[in-house]
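Asker: Sharing a structure below in structure tokens format, with a few things to ask.
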Amino acid sequence: DAKTTQPPSMDCAEGRAANLPCNHSTISGNEYVYWYRQIHSQGPQYIIHGLKNNETNEMASLIITEDRKSSTLILPHATLRDTAVYYCIVRVGGVRGNTPLVFGKGTRLSVIA
Amino acid sequence: GAVVSQHPSWVICKSGTSVKIECRSLDFQATTMFWYRQFPKQSLMLMATSNEGSKATYEQGVEKDKFLINHASLTLSTLTVTSAHPEDSSFYICSARDGTGPEKLFFGSGTQLSVL
């Protein structure tokens, strides 16, 4: 079973920041937080991942709370092409990272013009 | 980033026939690949873990004799759906880990299987 909780759906106006929350209150010390998204009829696309510190890349920012029990994915300027299902997943990383990603139901983000 | 190529993108077959789906890691070696399937409006469900040079590990409820997995090289894993039936119609997706870099998993573009 997925170890994360996400809202089933969210709307965001085009050009505004999209903030997608995720709860992972049972996360272990060696588990990373991963974010993927899936656009209709395509394979999931990697967005970002982190362990403790906040992370930023060209796609998004990941904010992890100090107790690591929750996180927020931020898309700074959402576009219509960001409409997708976003999955927050916790997974053991590092040298023991041969475990699969277990997907929950994710958040369906709709970016509205 | 690393690229995982999956082929074919879609396939239509008659009931009772077998279908092979290929998953290749194009610019990295993948000792482990994962196979998922996804029914309409549902999330991805892990079917099996494919390890190069050894037998695949199947999730509970997945028939190993029906979904044959072969991982003969570090860049290729195949999933064969044997004696396909309409209930096997689904979106099949493979994933591979780039073991040389950060702990990321990359996904193929998926294969839509329709069994008539």
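The values are calculated or read from the model by the stated rules, or taken from the named source; none is laboratory data. What you see is a predicted model; the values in this text were computed from it and never measured. Virtual Cβ from ideal backbone geometry, glycine too; neighbours counted across all protein chains shown. The protein model used for the area step is the full one, side chains on, heavy atoms only, and it has no ligands, DNA or RNA in it. Shrake-Rupley method; radii C 1.70, N 1.55, O 1.52, S 1.80 Å.
Asker: Using protein heavy atoms only (no ligands, DNA or RNA), what is the total accessible area buried between A and B, 1.4 Å probe, nearest 100 Å²?
Answerer: 1600 Å²
Asker: Still on this structure, please answer the following. Report B:Lys14's accessible area, 1.4 Å probe, all protein chains in place, as a number in Å² to the nearest 10.
Answerer: The value for B:Lys14 is about 150 Å².
Asker: What is the spin-label model distance, in nm, from A:Ala17 to B:Cys13 if the labels are put 7 Å beyond Cα along the C-beta direction?
Answerer: 4.9 nm
Asker: Probe of 1.4 angstrom, ligands and nucleic acids ignored: what's the accessible area per residue over the protein assembly as shown, in square angstrom?
Answerer: 50 Å²
Asker: Heavy atoms only, probe 1.4 Å: what % of the accessible area of chain A goes to carbon and sulfur, would you let me know?
Answerer: So the carbon and sulfur contribution to the accessible surface is 49 percent.
Asker: Another question, then. Which pairs break 30 Å Cα to Cα here: B:Lys14/B:Lys55; A:Lys105/B:Lys104; A:Lys52/B:Lys66; B:Lys20/B:Lys104; A:Lys69/B:Lys66?
Answerer: A:Lys52/B:Lys66; A:Lys69/B:Lys66
Asker: Can you tell me which of A:Ser71, A:Ser41, A:Ser61 moves the most in a GNM of chain A? Springs connect C-alpha atoms under 10 Å apart.
Answerer: A:Ser41
Asker: Still on this model: Quick check: with the 1.4 Å probe, what order do B:Arg24, A:Arg81, A:Arg108 take by accessible area, largest first?
Answerer: Final ranking, largest accessible area leading: A:Arg81, A:Arg108, B:Arg24.
Asker: Once you've got the GNM for chain A with C-alpha springs shorter than 10 Å, pick whichever of A:Val85, A:Val33, A:Val102 has the biggest mean-square fluctuation.
Answerer: Looking only at A:Val85, A:Val33, A:Val102, the largest GNM fluctuation is found for A:Val102.
Asker: At a cut-off of 30 Å², which residues of the range A:35-63 become less accessible once all protein chains are present than in their chain alone, using a 1.4 Å probe?
Answerer: Flagged in the range A:35-63: A:Tyr36, A:Gln38, A:Gly43, A:Pro44, A:Tyr46, A:His49.
Asker: Of B:Tyr92, B:Ser18, B:Met45, which is farthest towards the positive pole of chain B's charge dipole, taken about the Cα centre with +1 and -1 on the beta-carbons of Lys, Arg and Asp, Glu respectively?
Answerer: B:Ser18
Asker: Please give the net charge around A:Val90, taking every other residue with its beta carbon less than 10 angstrom from that of A:Val90, where Lys and Arg add +1 and Asp and Glu add -1.
Answerer: Result for the local shell: +2.
Asker: Once ligands and nucleic acids are excluded and a 1.4 Å probe is used, how much of B:Lys64 is accessible, expressed in Å² to the nearest 10?
Answerer: Here the residue's solvent-accessible area equals roughly 130 Å².
Asker: Give the span of the range A:2-113's Cα atoms along each principal axis, as three whole-Å numbers ordered largest to smallest.
Answerer: Sorted largest first, the three principal extents are 42, 30, 24 Å.
Asker: To continue, here is another question. Using +1 on the beta carbon of Lys and Arg, -1 on that of Asp and Glu, and nothing else charged, what's the dipole of the protein assembly as shown about the Cα centre, debye to 20?
Answerer: Here the protein assembly as shown has a charge dipole of around 200 debye.
Asker: Can you sort A:Tyr87, B:Tyr58 by 1.4 Å-probe accessible area, starting with the largest?
Answerer: Most to least solvent-accessible, the answer reads B:Tyr58, A:Tyr87.
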